[in-house]
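Engineer: Quick one: this structure, given as structure tokens, is what I'll be asking you about.
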Amino acid sequence: MSRIVFLGTGGARILVFKQLLASGGMWMEFGDARFHIDPGPGALVQATKRKLDPTKLDAIILSHCHLDHANDINAMMEAMSQGGTRPRGKVFVPSDALEGDPVVLRYVRGYVKEIVTLQPGGTYEAGGITFRCPLRLRHGVETYGFIFDAPEGSVGYISDTDYFPELADAFRVDHLIINVLRTEPAAPLQHMSVPQAQELIAAIKPRVAILTHFGMTVWRAKPWEIAERMSQETGVRVIAARDGMRYELGEAG
């Protein structure tokens, strides 16, 4: 059965720097295919702590280059390839992860089978699973969300972004994961807030919506209570992820 393991539900500066919540991103398994999404600080530690084997990864996928999403990408690339002794796996990143002041260090690039630059509207494959980037998100750096074609239904991940109406049509999926950093919109910060996430969930009507990547204001407001209110007001099952949570896609019924 396909599953998602949350290796960290913390976002933004204070929660990550203090490690009040972990920040290792997400581990996704679709049948035999294994992906690590957004390996932020502590990703390698969190994966091994949860008894997940990074040497078995098929792909590492980066939504954008901010450190709370990308800090451990080189460590995970080394682990996936056993220190480059067994080059394997694919890495999917925005173009700015490889240019200028690169997030992906040059010496590890030859450790993996292939590095692919993401594009808006692009479709990609790893481990026999197809995923796509429906559009570019609105964040301070080049940022993408993803839709995976899993056996149990489509899985969408909306990474850090400001809200904009086109998101609803772009992410009509069965299982929706949304990064929710703030309790209220706060321009010019380009992050999803609780009211915006609720509006999006109500428009998309997924089978299940999962909130994650919380900032301090959301954490203080108790995200599990926020999710319960959203469930009542949208008619969609909304879950607040927690560190180490394992979500089986079959749970949606």
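Engineer: Run Leu181 past the list (1) touching a His at 6+ places or on another chain (Cβ under 8 Å); (2) among the aliphatic types (A, V, I, L, M); (3) surrounded by fewer than 22 Cβ atoms within 10 Å (Cβ to Cβ) and report the number of the one that doesn't hold.
Structural biologist: That leaves (3) as the condition not met.
Residue by residue, here is whether (1) under 18 Å from Met28 (Cβ atoms); (2) touching a helix residue (DSSP H, G or I) at 6+ places or on another chain (Cβ under 6 Å); (3) among the polar types (S, T, N, Q) holds:
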position: Arg50; (1), (2), (3): yes, no, no
position: Leu62; (1), (2), (3): yes, yes, no
position: Leu67; (1), (2), (3): no, no, no
position: Gly83; (1), (2), (3): no, no, no
position: Gly89; (1), (2), (3): yes, yes, no
position: Val93; (1), (2), (3): yes, no, no
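Engineer: Contact list please: Cβ distance under 8 Å, first residue in region 17-41 and without any contact (Cβ under 8 Å) to a residue 60 or more places away in the chain, second residue among the basic types (Lys, Arg), pairs at least six apart or on different chains.
Structural biologist: Trp27/Arg34; Trp27/Arg50; Glu29/Arg3
Engineer: Moving to a separate point now. Look at region 232-253 and say how many of its residues are surrounded by fewer than 16 Cβ atoms within 10 Å (Cβ to Cβ) and without any contact (Cβ under 8 Å) to a residue 60 or more places away in the chain.
Structural biologist: 5
Engineer: Moving to a separate point now. Suppose we keep only residues that are without any contact (Cβ under 8 Å) to a residue 60 or more places away in the chain and under 20 Å from Ala168 (Cα atoms) within region 211-231. Which one would you say is nearest to the chain's Cα centre (by Cα)?
Structural biologist: The qualifying residue nearest to the chain's Cα centre (by Cα) is Leu211.
Engineer: Take region 149-188 and flag every residue that is among the acidic types (Asp, Glu), part of a loop (DSSP other than H, G, I, E, B) and without any contact (Cβ under 8 Å) to a residue 40 or more places away in the chain. Steps first, answer last, please.
Structural biologist: First, pick out the residues of region 149-188 that are among the acidic types (Asp, Glu): 149, 152, 160, 162, 166, 169, 174, 184.
In the following step, the residues that additionally are part of a loop (DSSP other than H, G, I, E, B) were identified as 152, 160, 162, 174, 184.
Asp162, Glu184 - these are the residues of region 149-188 that are among the acidic types (Asp, Glu), part of a loop (DSSP other than H, G, I, E, B) and without any contact (Cβ under 8 Å) to a residue 40 or more places away in the chain.
Engineer: Can you find a residue that is in a loop (DSSP other than H, G, I, E, B) and of a type in the set (Asp, Glu) anywhere in region 11-30? I'd like the intermediate steps shown before the answer.
Structural biologist: Pass one, region 11-30, residues in a loop (DSSP other than H, G, I, E, B): 11-12, 19-25.
This time we only want the ones that are of a type in the set (Asp, Glu), so: none.
No, region 11-30 contains no residue that is in a loop (DSSP other than H, G, I, E, B) and of a type in the set (Asp, Glu).
Engineer: Which of the residues belonging to region 137-148 are more than 14 Å from Pro120 (Cβ to Cβ) and in a loop (DSSP other than H, G, I, E, B)? Step through it out loud before you land on a result.
Structural biologist: Keep residues of region 137-148 that are more than 14 Å from Pro120 (Cβ to Cβ), which gives 140-141, 148.
Selection gives Gly140, Val141.
Engineer: Considering only region 55-67, state which residues are surrounded by fewer than 24 Cβ atoms within 10 Å (Cβ to Cβ) and over 16 Å from Asp96 (Cα atoms).
Structural biologist: Listed by number, the residues that qualify are Thr55, Lys56, Asp58.
Engineer: Restricting attention to region 79-103, report how many residues are buried (at least 20 other Cβ atoms within 10 Å of the Cβ) and either β-branched (Val, Ile, Thr) or on the phi < 0 side of the Ramachandran plot (or both). Walk me through it before giving the result.
Structural biologist: If we filter region 79-103 for residues that are buried (at least 20 other Cβ atoms within 10 Å of the Cβ), which is where we start, we get 79-81, 89-94, 97, 103.
Still in the list and also either β-branched (Val, Ile, Thr) or on the phi < 0 side of the Ramachandran plot (or both): 79-81, 90-94, 97, 103.
Residues that pass the stated criteria total 10.
Coordinate-derived values only; no laboratory data. These numbers were taken from a predicted model, which means no experiment stands behind them. Cβ sites come from the backbone with ideal geometry, for glycine too, and all protein chains shown count toward neighbours.
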